[in-house]
Amino acid sequence: MTDRELINEAIEASRHAYAPYSKHRVGAALECDDGTVVLGCTVENADLGVSMCAEQSAVCGAVARGRTDFRRIAIYSKESSDYLTPCGTCRQILSEFSPEMEVLCVRSDGRYVSYKLRHLLPAAPGRDRY
Ligand code: ZN
């Protein structure tokens with residue numbers, strides 16, 4: 001799958017985001033090591049503290065399918081004119097599984113930049129911590 005195809009999956013996922021409060025509808029497409037793509041989207045709640053990011057919902061879906069090794073994730077929101085990067089919590093959640101994965105941060109016009117997750121979250125606590 002090309003970067004553009006993965007980004008298109010994230011764009012499709014963003015259309016299903018539940019974001020009545022922030023109006024920031026984010027979609028994520030998470031590519032697992034076996035090529036499986038799992039989609040996620042923002043799921044907000046009136047108690048904003050329990051809202052879930054698109055990246056988190058994609059990871060939960062992947063783990064529920066038995067996938068815990070990831071190659072790439074594309075993150076998109078049509079409300080973001082800047083490159084959309086994962087929040088700190090999502091960086092840590094992704095790092096738990098695949099610190100070497102690639103993160104495609106997409107702007108509303110479809111342009112994107114790619115980072116290695118370890119560059120977005122250097123020296124992250126890993127599985128070897130305990
Ligand atoms: Zn997040």
Requested in this report: Would you kindly find the accessible area of E79, with a 1.4 Å probe and non-protein molecules such as ligands, DNA and RNA excluded, rounding to the nearest 10 Å²?
Outcome: 70
**Report entry** E79 long-range amide H proximity, modeled H, under 5 Å
**Finding:** R25
Report summary line: Given a Förster distance of 41 Å, the FRET efficiency implied by the Cβ-Cβ spacing of S114 and K23, rounded to the nearest 0.05, works out to 0.95
Requested in this report: Express the accessible area of the chain per residue in Å², computed with a 1.4 Å probe while the remaining protein chains stay in the model.
Outcome: 53
Query raised in the report: At a 1.4 Å probe radius, carbon and sulfur cover how many percent of the accessible area of the chain?
Result: 50
Query raised in the report: Reported to two decimal places, what Rg/Rh ratio describes the chain when computed on Cα atoms with Rh from the Kirkwood expression?
Result: 0.95
Query raised in the report: Can you give the relative contact order of the chain as a percent, counting alpha carbon pairs under 8 Å and 6+ residues apart?
Result: 20
Query raised in the report: Under the rule of -39500 (n - 2.57) per DSSP H run of 4 or more residues, summed and divided by the residues of the chain, what mean residue ellipticity at 222 nm is obtained, to the nearest 500 deg cm²/dmol?
Result: -8000 deg cm²/dmol
Query raised in the report: With charges set only on the Cβ (+1 for Lys and Arg, -1 for Asp and Glu), what does the dipole of the range 3-125 come to about its Cα centre, in debye to the nearest 20?
Result: 200
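The values are calculated or read from the model by the stated rules, or taken from the named source; none is laboratory data. Since the model is a prediction, treat every value here as computed from it, not as a measurement. Cβ atoms come from the backbone with ideal geometry, glycine included; neighbour counts cover every protein chain shown. When the accessible area is computed, the model is the full protein with side chains, heavy atoms only, and any ligands, DNA or RNA have been set aside. Shrake-Rupley method; radii C 1.70, N 1.55, O 1.52, S 1.80 Å.
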